[in-house]
Amino acid sequence: MYPEIMLDVETYAVFDHLPPGQRPELLEIAGVKFDDSGILDEFRAFPSTGNGAADPWTVDWWNGQILDRIFPSKFDPPDWLPARRVKDTVPMVLALNRLAEWMGVSSSRKVWCMSRYGLQFDLEALRMHFSAHGLTTPWWRECQRDMKPLLEDRERPAALCNPSHNAIYDARAQVEALLEIRQEDSLVEKNIILNAARVGKSMTHFQRSKALLKSNAERSDRPIKDSSET
């Protein structure tokens, strides 16, 4: 059984502020491998500057961030992205090749994201860079998963309430939140079983309740629809 992967990127642009087809400049690429037991492995790369397009709105946003907001005390300063890139950058093609090698390839592996600027932002931005460098994207579209549907109709997990805007920290937090959601849904399902037995509900009622729970909990366990299909 292959571990799942959470991917996250930080950029100097968002698709809404770029002409169609332009790829955003990537500041950081991060990945976390995990299973139900927790985090198994991590990946982090800082691509060299000028690897894509930047938009003034996003650049101004980065320049206006207060350092304490970017790395609270639980992080390791100075880990503010624009400063970190000065000393740790690698050519984009090298960063992509390292990511592909770290991920490996499996048609059954789930690759997650939690985008804030459109369903496919993190994964599509990476796809565009792989394509621009003549490289094969190391996952299938049908393996793509998005966390957003799992957050509907529930209290937002604490891990997601204060994003750091460092991709590796955010990827870790997203894994933590996803595992917390799965644990909560597992407990709810167990309670349905216990309550059904306790009050003598019919099996038909129990099956209907369980099916409804499963449908709600697994809404994001469907492949992300290709934007070209919309």
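Looking at (1) modelled with pLDDT of 90 or more; (2) under 24 Å from residue 51 (Cβ atoms), find the lone condition where residue 166 falls short.
Among (1) modelled with pLDDT of 90 or more; (2) under 24 Å from residue 51 (Cβ atoms), the lone unmet condition for residue 166 is (1).
Output the helices (runs of 4 or more DSSP H) that fall wholly within the stretch 77-136 and possess 1 or more residues being modelled with pLDDT under 90 and charged (D, E, K, R), or say none.
Hits in the stretch 77-136: 81-88.
Among the residues of the stretch 221-228, are any hydroxyl-bearing (Ser, Thr, Tyr), out of contact with any Ser or Thr (no Cβ under 8 Å at 6 or more places or on another chain) and at pLDDT 60 or above?
no
Go through 149, 163 for me and flag whichever is out of contact with any His (no Cβ under 8 Å at 6 or more places or on another chain), of a type outside the set (D, E, K, R) and assigned to a loop (DSSP other than H, G, I, E, B).
Just one listed residue meets the conditions, 163.
Of all residues being small (Gly, Ala, Ser) and under 20 Å from residue 11 (Cβ atoms) in the stretch 119-152, which is surrounded by the most Cβ atoms within 10 Å (Cβ to Cβ)? Just the residue, please.
125
Out of 155, 180, I need the residue that is at pLDDT below 95, part of a helix (DSSP H, G or I) and surrounded by fewer than 17 Cβ atoms within 10 Å (Cβ to Cβ). Which one?
After ruling out the rest, the residue left standing is 180.
Looking only at residues in the stretch 16-27 that are touching a Pro at 6+ places or on another chain (Cβ under 9 Å) and part of a loop (DSSP other than H, G, I, E, B), which one is surrounded by the most Cβ atoms within 10 Å (Cβ to Cβ)?
25
Quick one: which residue in 13, 30 is more than 16 Å from the chain's Cα centre (by Cα) and either part of a strand (DSSP E or B) or surrounded by 17 or more Cβ atoms within 10 Å (Cβ to Cβ) (or both)?
Among 13, 30, only 13 is more than 16 Å from the chain's Cα centre (by Cα) and either part of a strand (DSSP E or B) or surrounded by 17 or more Cβ atoms within 10 Å (Cβ to Cβ) (or both).
So for the stretch 166-174 (the condition being touching a Cys at 6+ places or on another chain (Cβ under 8 Å), acidic (Asp, Glu) and crowded, with 18+ Cβ neighbours inside 10 Å), does at least one residue qualify?
There is no residue in the stretch 166-174 that is touching a Cys at 6+ places or on another chain (Cβ under 8 Å), acidic (Asp, Glu) and crowded, with 18+ Cβ neighbours inside 10 Å.
Can you name the residue in the stretch 33-64 that is loosely packed, with under 14 Cβ neighbours inside 10 Å and under 26 Å from residue 128 (Cβ atoms) and is also modelled with the highest pLDDT among such residues?
Here the residue is 41.
The values are calculated or read from the model by the stated rules, or taken from the named source; none is laboratory data. Source: prediction; values computed, not measured. Note that we place each Cβ from the backbone using ideal geometry, even for glycine, and neighbour counts take in every protein chain shown.
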